[in-house]
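Inspection log for the structure reproduced underneath, given as structure tokens.
A short reminder: the numbers here are calculations on the coordinates, not readings from a lab. Note that the coordinates shown come from a computational prediction; the quantities given were computed from them, not determined experimentally. We place every Cβ from the backbone using ideal geometry, glycine too, and count neighbours over all the protein chains shown.
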Amino acid sequence: MAARAYWKGSLKLSLVSCPVLLYPASTSADKTRFHMINKETGNRLKQQMVDAETGDVVEAEQKGRGYELTKGEYIEVEKDELDAVQIESNHTIDIDSFVPSDEIDKRYLNHPYYIVPDGKAGVDAFAVIRDAMKDQGRVALARIVLTNREHVIAIEPRGKGLLGTTLRYPYELRDEDEYFDDIKSPKISKDMIELAGHILKTKAAHFDPSKFKDQYENALKALVKRKAAGKPVKAAERAEKPDNVISLMDALKQSLKGKASKRAAPSAARRPAPRRAAKKTHRSAARARKAG
């Protein structure tokens, strides 16, 4: 494989285990990136760590990690002390349980990884664990240490391999009630809901990520291309917001009417075709009479 493994260890189910590799399933390599530069020289800028109190530049050998006990008071923690915090999930993905996939709250989903067998020795055990999950329609919940942190990871079959998605802990999620409690519950007529339902039907589709277009990323690429070619870059004019206030019912009706007219447009454009065919037939008949 061209990519370098992000993690190496074992996948363990009870007494069955197999060596596996983890690869990030997502990448930001193709994103447009900008660097800080000196506008006068055009040179790239280099960041330096500075002591917050003295303002002195701190060299690499002076840098350390500290935990803030009280405001401004830190206790230093050495790297070897962090390395001493060894738990089984440092090198083993130990499956704790299997749950229905629809029970996993999407807010907990974090980063996806591809899990593949490491070498031929563990392929059989890997396939047994994968296929057992396929048969049961379950997702495995396990623990893994990544970047010095233990994560819960949800593992599910995907093709010939496994997809592992790290999950957030409950303390990392904000309480929805803090945001939803103040939302009012207005009385909405059944007619409005039915109209909205019709609009939803006109936009019904299937999940197809190939249709996702990052318009901002494309605009950034176009901007960089123009700048590199020495062409001027003009600011786009902002669309003015309409001043007229339309009632919700009128807005729903106009939205539905707009969708209906768009659907009718293609058929209207195809109607002139028979007339063109008729003219062609007429010309052919005229030529035949002239020839006779």
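Numerical summary
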| item | result |
| --- | --- |
| Entries in LYS12/LYS211; LYS46/LYS227; LYS12/LYS120; LYS12/LYS160; LYS39/LYS63; LYS213/LYS253 that, when Cα-Cα distance is taken, lie over 27 Å | LYS12/LYS211; LYS39/LYS63; LYS213/LYS253 |
| Charge tally in the Cβ shell below 14 Å around ILE75, where Lys, Arg are +1 and Asp, Glu are -1, ILE75 excluded | -3 |
| Cut-off 11 Å between beta-carbons: net charge of the residues surrounding ASN38, Lys and Arg +1, Asp and Glu -1 | +2 |
| Hits among aspartates and glutamates - C-alpha to C-alpha of LYS134 under 20 Å, sequence gap 8 or more where chains match | ASP94, ASP96, ASP102, GLU103, ASP124, GLU156 |
| Average Cα contact separation per residue, region 1-119, under 8 Å, 6 or more apart, as relative contact order % | 36 percent |
| Difference of contour (0.36 nm per residue) and Cα-Cα distance, ASP96 to SER26 | 22.6 nm |
| Region 131-205: relative contact order in percent, alpha carbon pairs under 8 Å with at least 6 residues between | 16 percent |
| Cα-based shape type of region 103-240, given that a ≥ b ≥ c are square roots of the gyration tensor eigenvalues and the cut on a/c is 1.5 | oblate |
| Likely footprinting exposure, SER247, SER210, fewest C-beta neighbours within 10 Å first | SER210, SER247 |
| Region 143-251: GluC sites (Glu not before Pro) in DSSP coil with no more than 10 other Cβ atoms inside 10 Å | GLU176, GLU237, GLU240 |
| Sparsely packed trypsin sites (Lys or Arg not before Pro) within region 1-107, loop by DSSP, other Cβ within 10 Å at most 15 | ARG4, LYS31, ARG33, LYS39, LYS46, LYS63, LYS71 |
| Loop-located GluC sites (Glu not before Pro) in region 53-85 whose Cβ has at most 11 other Cβ within 10 Å (DSSP) | GLU53, GLU59, GLU78 |
| Computed E for GLU53/ASP83 - FRET, C-beta separation, R0 22 angstrom, nearest 0.05 | 0.15 |
